[in-house]
Amino acid sequence: GSSIMVGEQATETFRKLGLRYEQAKAGYYVSEAYRQLGDNFQAAYYLGQAEKLFRKENNKLWLGMINIARARLKIAARRFADAQSKATTAYTLFKKSGDKRRGIDARITIMETYLEGGQPNKVIRLGKQLLKNQLINYQQHLILNHIGQAYLHLFNPEMALTYLKKAIDVIEKMLRYIYPDEIRFFFAIDKYPTYLSAVNCLLQMNRVSDSFLQHSKALAVLNQRPIPTDILKTEIPNRLLEIRSNLRASLRKLKRVPNGEQRQIAATSNLYHEEHRLWETERKIRSYLYPSPGAGKPQLHISREYSEFISDGEALINYFSADKKVGAFCLSQGITKYITCPVRQHDLENTIRELHFLMEMAVHSPGGNCHNSKVIEHYLSILHDWLIKPLNLPNNIQRLILMLDGLYAQLPFAALKDSQKIWLKDRYKIQTIVDPDNLRNKRHDTNYSARLRSAVFTPPNSGLPAAESEGRNIKKTFSTAHLYTGEKADIGNLHKELKRAGGFIHIATHASRSSENPLFSRILMSDGPFYPFDLFGFGIKARLITLSGCQTAAPGIYYGNSFSLAKAFYQGGADCVLASLWPISDKISMIFMTEFYKALKAHRNISKAYGIALNKTCAINNNPAFWAPFVMLGI
């Protein structure tokens with residue numbers, strides 16, 4: 001969206017200046033952005049405009065790029081012969097321009113047309129030819145992945161797995177050369193499906209335990225915590241520091257909050273533009289402060305024996321989608337099973353989307369939520385029948401440990417309702433993890449100590465009278481906690497407490513997820529927005545981070561649905577993160593958080609305090625829209 005906004009302005013400016021080459025390039029990038037958003041009509045329009053200009057310039061390289069883009073549009077329209085023709089034309093143009101790298105890109109696009117058009121043997125033949133060339137990492141990954149997919153089409157999971165594993169090795173090599181807080185965002189765009197295909201291969205080979213291990217490895221890569229690195233002792237150019245300072249000041253002026261009592265931030269196009277400039281500046285500063293991201297390989301702790309972490313009376317559940325089907329790995333009593341769920345992935349996605357819409361509608365219009373509540377409960381019953389009932393859990397199971405990511409992390413599992421009208425939270429103790437390495441923390445769980453340094457932040461935000469009361473109530477319960485209100489609830493003090501506090505850090509403020517670029521989801525402090533990339537290199541010490549704002553656990557719509565504010569704080573080092581899945585009521589949030597911290601003080605156990613707060617809030621307002629958005633990551 002930001003690319004389209006800037007690109008459309010640029011094309012018009014270049015047109016007025018008579019700069020045809022620059023105008024055409026800008027039009028090409030606008031087209032690519034529209035294609036990624038699924039608007040192929042607009043993508044084709046801008047591509048046509050760019051093509052006319054490049055023809056006037058007789059620019060063979062860019063005409064080749066245009067033809068690759070047209071091939072992808074034809075693939076989306078399932079016109080595979082046309083797509084192959086465009087990709088072949090692109091290859092010829094690149095050959096004439098002398099660009100060997102893009103020539104290989106064109107042939108990879110031809111592979112895609114074969115794959116999507118149901119010609120797997122041609123994919124394998126061309127792919128093996130291309131592997132003989134000198135390849136860049138991303139090309140190597142694509143070729144190996146396409147060959148693997150082709151063997152899957154030929155019902156040969158053994159050969160498919162051979163090539164998919166090689167593709168995964170390339171992925172993990174590529175991941176060494178990006179900064180840790182970019183890993184999830186980069187990885188989720190188009191690399192995670194390679195892991196999923198490998199998991200599917202192992203399932204087809206009836207290697208259930210190995211399949212579960214492979215998916216666990218993918219989640220570990222996706223959600224790993226970065227290895228702490230020493231900051232280099234070097235000076236940052238004053239120019240960059242000045243730009244960052246000015247952008248922060250500009251963002252503070254641009255902040256907008258709604259008039260109602262929801263803890264959400266409104267956004268403007270100017271805000272998006274300034275955020276992108278800030279991110280680019282931050283990346284330049286990092287290049288001075290930190291060693292090369294490729295200096296150290298991420299250490300993944302993958303256990304082959306998860307059963308040692310799962311006690312009697314517990315079940316570890318991990319949902320998985322493959323070939324548009326939904327299934328679940330279930331580990332209990334030392335046995336790993338795979339269960340197919342009676343729902344297609346597309347139907348599950350639509351149901352979750354509709355459920356979130358109903359939840360938001362109830363929160364924004366609480367006066368008319370009686371009928372809405374019944375509809376919500378109907379949806380929650382359907383989801384229970386799809387995802388929980390097929391597991392056929394033994395009667396002795398008392399605790400569910402849900403290892404969730406992506407689509408499944410958007411579900412309020414505690415609120416799923418069975419045929420006897422019992423909430424799942426009332427039948428089981430529920431804990432959610434995002435990384436299998438969390439299971440190692442389980443056996444070292446100790447009682448929460450009130451003596452640990454803690455902090456509460458309530459920035460001076462309009463429209464949230466209950467947020468201030470929430471902060472005072474927590475301070476009353478934990479008298480030694482440091483309370484930051486007014487202008488003191490700023491980014492600088494939050495940074496200080498993230499480094500020092502070993503107990504909890506509670507932030508009650510407006511928040512907003514970015515549907516498009518998860519790096520720009522934000523919480524609003526007194527001096528402006530705080531972003532996930534602001535956590536880089538901190539090494540959070542707190543046992544618990546509470547993000548008491550709207551949609552702080554909600555991922556973006558694009559890029560694999562895997563990145564949220566809550567997971568950014570988890571990745572930064574927090575043991576547990578308490579956050580919300582959809583917009584939350586200011587008053588209900590105050591009630592929930594007040595009860596949570598009272599229970600934490602009384603029982604000294606984070607999970608137990610969370611369960612007590614859920615039950616008490618549910619007793620006050622039985623509509624899940626008000627009590628079910630609160631989720632806890634960590635164990």
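Structure above, values below:
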quantity	calculated
Heavy atoms of residue 201 accessible to a 1.4 Å probe, total area in Å² rounded to 10	0
Heavy atoms of residue 360: accessible area, 1.4 Å probe, square angstrom to 10	50
Percent accessible area from carbon and sulfur atoms, the chain, protein chains only, probe 1.4 Å	48
Accessible heavy-atom area order of 435, 426, highest first, probe of 1.4 Å	426, 435
Rounded tilt (10° steps) of 491-500 against the dominant C-alpha axis of the chain	70
Theoretical FRET efficiency, 1/(1+(r/R0)^6), r = Cβ-Cβ of residue 480 and residue 208, R0 45 Å, to 0.05	0.35
Built amide H within the under 5 Å cut-off of residue 585, gap 5+	none
Computed FRET value (nearest 0.05) for residue 487 with residue 364, which takes r as the C-beta separation and R₀ as 35 Å	0.70
Spin-label pair residue 289/residue 169, simplified geometry with 7 Å Cα→Cβ offset, distance in nm	3.6
With all protein chains modelled, accessible area of residue 39 [1.4 Å, Å²]	60
Order of exposure, largest accessible area first, which applies to 495, 141, 364 with probe 1.4 Å	364, 495, 141
Residue-normalised accessible area of the range 54-144, given per residue in Å² at a 1.4 Å probe	50
Virtual spin-label span in nm between residue 308 and residue 344, 7 Å along Cα→Cβ	4.3
Computed lengthening from residue 235 to residue 12, 0.36 nm per intervening residue step minus Cα-Cα distance	76.3 nm
Modelled FRET efficiency - R0 51 Å, residue 429 with residue 97, Cβ distances, 0.05 increments	0.20
Calculated Cα extents along the principal axes in Å (choose from [x] 93, 71, 50; [y] 85, 56, 47; [z] 75, 58, 54), label	[z]
Net length gained if the chain between residue 419 and residue 176 were fully extended (0.36 nm per residue, minus Cα distance)	82.7 nm
Proximal aspartates and glutamates to residue 616, defined as alpha-carbon separation beneath 18 angstrom and excluding residues fewer than eight positions away on the same chain	426, 470, 586, 595
The chain - mean residue ellipticity at 222 nm from DSSP helices (-39,500 (n - 2.57) per run, n ≥ 4, rounded to 500)	-17500 deg cm²/dmol
Order of exposure, largest accessible area first, which applies to 189, 339, 584 with probe 1.4 Å	189, 339, 584
Test item: Cα-centred dipole of the chain, Lys/Arg +1 and Asp/Glu -1 on Cβ, debye	1100
Paramagnetic reach from residue 21 in the range 56-96 [backbone N under 14 Å; point 7 Å along Cα→Cβ]	56-63
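The values are calculated or read from the model by the stated rules, or taken from the named source; none is laboratory data. Since the structure is predicted, the reported quantities are computational estimates derived from the model, not experimental observations. A quick note on method: Cβ atoms are made from the backbone with ideal geometry, for glycine too, and the neighbour counts reach across all protein chains shown. When the accessible area is computed, the model is the full protein with side chains, heavy atoms only, and any ligands, DNA or RNA have been set aside. Shrake-Rupley method; radii C 1.70, N 1.55, O 1.52, S 1.80 Å.
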